[in-house]
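Undergrad: Mind having a look at this structure? Questions to follow.
What follows draws every value from the coordinates through simple rules; no lab data is involved. From a predicted model like this one, the values you see are computed outputs, not experimental measurements. Every residue, glycine among them, receives a Cβ derived from its backbone with ideal geometry; neighbour counts consider all protein chains shown.
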Ligand SMILES: Cc1cc2nc3c(=O)[nH]c(=O)nc-3n(C[C@H](O)[C@H](O)[C@H](O)COP(=O)(O)O)c2cc1C
C-alpha cells in the first residue's frame, strides 16, 4: 500500500508528527509551504493566522511535485488555527483534487482540541473514505515521547485494518 503524508507546520509540532507517521508508513511526505509565512514570534501570529481563517484565505503556496494518483492512503496533518485547519489547505485542496482515497487526519493544537478541523476536512473531501483521526496537544512543548508513541500506534492500527 503506497502512502503519502501531506502536512503544514508553522512551528514544528505538526512536522514532528508528520515525519513520525511517514517513517512508520515507509511512505512519501510533502510539506505545504506558503510563499509568505505568517510571523512566528509573539501574539502577531494569532492575528495574522486568525484573520486568514476568518476570511477563508487561500494563501499562495510553493509548487508541489506530487502525483496523488499513485497513493492509496493519504494522511493530512495540520495545526489547529482558530478551531479549523490552517488556510494553506484551502489552497492545496483547491489545486489537488483528492478522490477515492483512504484518508487519515491528524492535527496539533494548543489545548483547545481539534474544534472543527476534522469536520471541515471531511466536508471538503467528501468523495473519500476516512479511516482515522487523531489530535495531539503541542507535541514539542508538552510530552514529545508520549505523542511519538501515540502517533506510531495510531498509524500502525490504521495500516493493519486497510
Ligand atoms: C494562528 C493560530 C491560531 C491558533 N488557534 C488555535 C486554536 O483555535 N486552538 C488551539 O488549541 N490551538 C491553537 N493554536 C495553537 C496551535 O494549534 C498549536 O500550537 C500547534 O501545536 C502548532 O503546530 P505547529 O507547531 O505545527 O505550527 C493556534 C496557533 C496559531 C499560530
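Undergrad: How far apart, in nm, are two points set 7 Å out from the Cα along the Cα-to-Cβ line at residue 66 and at residue 51?
TA: Once both label points are built, they end up 2.8 nm from each other.
Undergrad: Between residue 127 and residue 159, how high is the FRET efficiency from 1/(1 + (r/R0)^6) when r is the Cβ-Cβ distance and R₀ = 22 Å? Nearest 0.05.
TA: E between residue 127 and residue 159, to the nearest 0.05, is 0.45.
Undergrad: How much length is gained if the chain between residue 36 and residue 96 is pulled fully straight, taking 0.36 nm per residue apart and subtracting their Cα-Cα distance, in nm to one decimal?
TA: The span from residue 36 to residue 96 would gain 19.6 nm if fully extended.
Undergrad: Continuing with the same structure: Report the gain in length on full extension from residue 44 to residue 148: 0.36 nm times residue separation, minus Cα-Cα distance, nm rounded to one decimal.
TA: Numbers: separation 104, 0.36 × 104 = 37.44 nm, distance 2.92 nm.
Length difference between fully extended and current span is 34.5 nm.
Undergrad: On full extension of the chain, what length is gained from residue 83 through residue 113, given 0.36 nm per residue of separation minus the C-alpha to C-alpha distance?
TA: 10.0 nm
Undergrad: Helix-derived [θ] at 222 nm for the chain: sum -39500 (n - 2.57) over DSSP H runs of at least 4, divide by residue count, nearest 500?
TA: Per the formula, -11000 deg cm²/dmol.
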